[in-house]
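Notes for the one structure printed next.
The values are calculated or read from the model by the stated rules, or taken from the named source; none is laboratory data. Source: prediction; values computed, not measured. Every residue, glycine among them, receives a Cβ derived from its backbone with ideal geometry; neighbour counts consider all protein chains shown. Surface accessibility is based on the protein's heavy atoms, side chains included, excluding ligands, DNA and RNA. Shrake-Rupley method; radii C 1.70, N 1.55, O 1.52, S 1.80 Å.
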Amino acid sequence: MLLVIAELNECLDKSETESFALVHNKRKSQKRMPKQVFDICVVGSGPGGGIATYVLANAGFKVALVESGRSLRAGVDYNGHGSAYAQLEQRLKAGHKSPFPSVLDFSERNHFTAVGDRPGHGLLKALGGRSLCWAGHSLRFGPGDFKRWPISYEEVAPYYDRAERLMGVYGSRDGLWNMPDGVFQKTVRMRCPEMLLKRGVERLKAKGRVMEFVTQRKAIPTDPAWKRRATCHYCGQCMNGCDIDSKYTSANTPIPLAMRTGNLSLFTESTMTRIVLDNVNRRVRGIEYVTSSGQTVSLQCKALVLACSTVETARHLLINNIANSSGQVGKNLTSHFGTDVVAIFPELRSRDASNDDGTDYFHSLLTGLHWDKPHRDFDMTYQVQCGAGLNPKSLAIRDVPGYGSQLKRDLRDLNVCHAVMDMQGSLAPSPRTYVDLDPERKDRHGLPLPRVHLKYGPNDIAMARDMVETCVEIIEAAKGEVYSRPREITADTLGIDYNHWVGTLRMGTDSKHSVVNTVGQSHDVTNLYVGDSSVFAAYPEKNPTLTNIALSWRMSKSLAERAKKGELG
Amino acid sequence: MERRELFKVLGATLVAAREGAAQHDHGTSAVLDIEGYKPRFFSDSQYRAIDAVAEIIIPTDSQSPGAHSAGVRFYIDTVLHYADPETQMKWKSGLIAVDEWTRARFGKAFVDCSADEKDQVVATMAGKEKDPSTELERFFPTLKQMTVEAYSLSDVGMTQHFGYRGNTAIAEFRGCTHPEHQSS
């Protein structure tokens, strides 16, 4: 056992050894080798790429993981604690805007061109990708959601089980048919204002309204008996990067585990620039990547897994002009969109600023809306993430009129007694919402940047109207007051979730209308697989990452089985 | 990999992570010499002006110490020292507008005004907060926003005013247990 610990420290105690960088450097010194040959190459180390690496390395394959960012050290490269005043000079001098070191320092904000209704694209360039900055919300899609898919809930359920066990997910068993319970650790309770929202929901339910108000489910361990990662210490910094590696990320769980098999070679600060195919474009032979020093290196593989993100994977297929006989690459793009309603509860105005940090802002969820019977004005549905609690580092209510003692009092009291209701609705797929290549703008390797097109339609507007009306009803039923709400819903008042894009490489059984088959394998290029959320066939209101991980696990298992049968050649 | 094996591996991860948790520090109090700080963006008199205006926006009162005690002036000067030219210009011209107003009204620069005169300036600036039209009025939201941010992030604001007890490591998150807040 001691030996095991020593080995693991080599992989995991990043603050001391930076072992990832060491491994990487070792590789670098070998790169004069004319050819590097692997069984499988995975590109992108976010939630999907991380899990594929883990499953395939454990199945005994020699895996290369190619990631354009570097490995970060929890608590050093990102740490939401400490004094803003003490860190201010050093942080601003280094060109950062916030006094707190955050994983968001590694965001790539200009790596796309926005067209239409203000789309965004949130890349995070580091080992672990956006699993570093995700909130951990882990909600299973339900049997109703999979009705729009070519696979059923039952086919994915075993992978949800595996994913939740590996990730360490807390939640309460709510018994909801279309958001099934999973493998849960003990739940994290709501704060006072959230409990009052729940009270409002219960009152509306008593009058016959169909909705549910439950605690959030997150990939954050809460049970000290669970031994895989540290138990959460409820400091509320999840999305800036968990400085004790309690929240699940690709970098703190599947990648170190894959490393331990001895089958993984990690190429950080290595950006894929080309996918190399055979001369009939039916099989991938390998890739080329550029190192941080600008050197181009070839890497051969028997199968390629792309997990670069919904926007980036589509971009690479378009640049290389492959796997697109359907013409669907980049199409069917969708995400979550929404708006906010803020409540205040006068009965809580004078309460103490208790420690409400918890597992970041949203501890509760309004869900179960329009699952059974669709709304007459719109298709699909939305959920509402709810949060509360005073945090002086990011005051939820700061736009308070006046000055002097009254301003001071209002800032404290309003933040203590507020709750935010944050809508997350399914954006209706549209021919005007898609990814293509920018004809002019290029990245530093001379490759076209992606263009992200977004256009809201009547379905989206109608859904947002219903959300605002429903939230206002709940707040009133809870004897709260509406502090702020959009007055009128137009495309201008809606915001897109730039981390939730899915759908550009839609899965399907028909190669004319989809890009990959039901296990994530390209219809056209038989040893090309996709491990990110671009394969989603349809998008419910629930957060994408848990399903991304479950599907990538399922894809990897299918790939491993084919490879073992010798079908990859 | 078998589940059992996974437990073995990750059990060790936990040891490493726990050791890290024990060493790391939350809510460190800064050893910072705000009194001795020399402004880099503002002139000395502008620095005093900002300190005085911030103290009117967030005053020391029976609730808690205000912007001066919190060191808000230090925060604002540091941020502006590293800010883009457009933001810097906004503050420079805002301060000029303040001085122009006091010179026209009281015949002296803002820093030389009495406490009562300074209050009058801020009252005028804040008069049309929602719909500012003059240079002076437009400066107020800029000034106030940064003052509130600086105060909220200071040790004084965070702990003494807001009574914030978070940003710390705790074993269990209790949440709301008040019987009167539970749904029936």
Checklist entry - Using the heavy atoms of the protein chains alone and a 1.4 angstrom probe, what is the accessible area of the stretch A:435-569 per residue in square angstrom? => result 38 Å²
Item to check | Interchain or long-range residues, amide H under 5 Å from A:L277's placed H | outcome: A:R285
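Rank-order A:96-105, A:240-249 by packing density, defined as the average count of other C-beta atoms within 10 Å over each peptide's residues, highest first.
Details: A:96-105: 19.9, A:240-249: 27.6.
Top to bottom by mean Cβ count within 10 Å: A:240-249, A:96-105.
Rounded, prolate or oblate, given the Cα gyration tensor of the stretch B:25-124, with a/c below 1.5 counting as rounded?
Numbers: a/c = 2.27, a/b = 1.36, b/c = 1.68.
It is oblate, given that a/c is not under 1.5 and a/b is not larger than b/c.
Please identify every one of the trypsin sites (Lys or Arg not before Pro) in the stretch A:497-569 that sits in a loop by DSSP and has no more than 13 other beta carbons within 10 Å of its own beta carbon. Don't skip to the end; give the middle numbers.
Working: sites: A:R506, A:K512, A:K542, A:R554, A:K557, A:R562, A:K564, A:K565; in loops: A:R506, A:K512, A:K542, A:K565.
Answer in residue order: A:K512, A:K565.
For the stretch B:38-162, what's the relative contact order in percent, using C-alpha pairs closer than 8 Å and at least 6 residues apart?
Working: 129 pairs, mean separation 40.9, N = 125.
Once normalised by length, the contact order is 33 percent.
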Next on the checklist: Testing the spin-label approximation: label points 7 Å from Cα along Cα→Cβ at B:E100 and B:Q160. State their distance in nm.
Outcome noted: 3.7 nm
Item to check | Qualifying trypsin sites (Lys or Arg not before Pro) for the stretch A:274-323 [loop in DSSP, other Cβ within 10 Å: at most 14] | outcome: A:R282
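Keeping all protein chains in place, calculate the accessible area per residue for the stretch A:50-99 (probe 1.4 angstrom), answer in Å². Spell out each step's value before the answer.
Working: 1630 Å² over 50 residues.
On a per-residue basis, the stretch A:50-99 sits at 33 Å².
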Item to check | Distant-in-sequence amide H partners of A:S246 (H built 1.01 Å from N, under 5 Å) | outcome: none
Checklist outcome for this item: Taking R0 as 51 Å and r as the Cβ-Cβ distance between A:R285 and A:V472, the FRET efficiency 1/(1 + (r/R0)^6), rounded to the nearest 0.05, comes to 0.30
Next on the checklist: Using each residue's phi in the stretch A:434-449, evaluate 6.51 cos²θ - 1.76 cosθ + 1.60 at θ = phi - 60° and report the 3J(HN,Hα) Karplus result to the nearest Hz, with x for Gly and Pro.
Outcome noted: 6, 10, 9, 9, 6, x, 10, 6, 10, 7, 6, 9, x, 8, x, 7
Item to check | Three-way shape label, chain A, alpha-carbon gyration tensor, a/c 1.5 | outcome: prolate
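Normalised by the residues of the stretch A:465-529, what does the relative contact order come to in percent, with Cα pairs under 8 Å and at least six apart? All intermediate terms of the calculation are to be shown ahead of the outcome.
Details: 43 pairs, mean separation 9.2, N = 65.
Answer for the stretch A:465-529 is 14 percent.
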Checklist entry - Charges only on Cβ, +1 for Lys and Arg, -1 for Asp and Glu: so what's the dipole of chain A about the Cα centre, in debye to the nearest 20? => result 1060 debye
Checklist entry - Residue farthest toward the positive end of the dipole of the protein assembly as shown, with Cβ of Lys/Arg at +1 and Asp/Glu at -1: which of B:T102, A:A419, B:A171? => result B:A171
Item to check | Shielded residues, the stretch B:151-184 - accessible-area loss of 50 Å² or more between chain alone and all protein chains, probe 1.4 Å | outcome: B:L153, B:H161, B:F162, B:Y164, B:R165, B:N167, B:I170, B:F173, B:C176, B:H181, B:S183
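Within the accessible area of chain A, what % is carbon and sulfur when the probe is 1.4 Å and the other protein chains stay in place?
On the way: 9840 of 20200 Å².
Result for chain A: 49 percent of the exposed heavy-atom area is carbon or sulfur.
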Checklist outcome for this item: Expressed per residue, the solvent accessible area of the stretch B:38-162 in Å² (1.4 Å probe) is about 45 Å²
Next on the checklist: Show me, for the stretch B:136-151, the HN-Hα J-couplings you get by feeding each phi into the Karplus relation (A = 6.51, B = -1.76, C = 1.60, θ = phi - 60°), rounded to Hz, glycine and proline as x.
Outcome noted: 4, 5, 5, 6, 4, x, 4, 4, 5, 4, 5, 5, 5, 4, 5, 5
Item to check | Shielding by partners - mean other protein chain Cβ count within 10 Å, residues of A:71-81 | outcome: 2
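On average, how many beta carbons from a partner chain sit within 10 Å of the beta carbon of a residue in B:46-59? Can you show the working numbers first?
Working: counts 0, 0, 0, 0, 0, 0, 0, 1, 0, 0, 2, 5, 6, 5.
Partner-chain Cβ atoms within 10 Å, mean over residues of B:46-59: 1.
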Checklist entry - Counting only other chains, what is the mean number of Cβ atoms within 10 angstrom of the Cβ of each residue in peptide A:344-356? => result 3
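Using only protein heavy atoms and a 1.4 Å probe, how much accessible area in total is buried between B and A, to the nearest 100 Å²? Could you put the intermediate results ahead of the total?
Numbers: alone 12550 and 23450 Å², together 29560 Å².
Counting both chains, the buried surface is close to 6400 Å².
Per DSSP H run of at least 4 residues, take -39500 (n - 2.57); add these up for chain A, divide by its residues and hand me the 222 nm value, nearest 500 deg cm²/dmol. All intermediate terms of the calculation are to be shown ahead of the outcome.
Details: 13 runs with 153 residues, N = 569.
So the calculated ellipticity at 222 nm is -8500 deg cm²/dmol.
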Checklist outcome for this item: Under 5 Å from the placed amide H of A:E108, counting only residues 5+ away or on other chains, we find A:L123, A:L124, A:K125
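Hey, got the dipole for the stretch A:442-569? About the Cα centre, +1 on K and R Cβ, -1 on D and E Cβ, debye to the nearest 20? It would help to have the intermediate numbers written out before the result.
Values: 16 positive and 16 negative charges, 143 e Å.
Here the stretch A:442-569 has a charge dipole of around 680 debye.
Averaging sequence separations of C-alpha pairs under 8 Å and six or more residues apart, then dividing by the length of chain A, give the relative contact order as a whole percent.
Details: 1297 pairs, mean separation 123.1, N = 569.
Result for chain A is 22 percent.
Per-residue counts of other Cβ atoms within 10 Å, averaged by peptide: what ranking do you get for A:226-238, B:88-100, highest first? Working shown, then result.
Numbers: A:226-238: 23.7, B:88-100: 17.0.
Highest mean packing first, the order is A:226-238, B:88-100.
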Checklist entry - So, with a 1.4 angstrom probe, what is the percent of accessible area on the stretch B:38-162 that is carbon and sulfur? => result 51 percent
Next on the checklist: Can you compute the charge dipole magnitude of the stretch B:28-115 about its Cα centre, using +1 on each Lys and Arg Cβ and -1 on each Asp and Glu Cβ, nothing else charged? Give it in debye, rounded to the nearest 20.
Outcome noted: 220 debye
Item to check | ³J(HN,Hα), Karplus 6.51/-1.76/1.60, whole Hz, each residue of the stretch A:463-469, x for Gly, Pro | outcome: 5, 5, 4, 5, 4, 5, 4
Checklist outcome for this item: With a ≥ b ≥ c from the Cα gyration tensor eigenvalues, square-rooted, and the rule rounded for a/c under 1.5, otherwise prolate when a/b > b/c and oblate otherwise, the stretch A:116-252 is rounded
Next on the checklist: Among A:Q406, A:N543, A:L266, which residue has its Cα furthest toward the positive end of the charge dipole of the protein assembly as shown, with +1 on Lys/Arg Cβ and -1 on Asp/Glu Cβ?
Outcome noted: A:L266
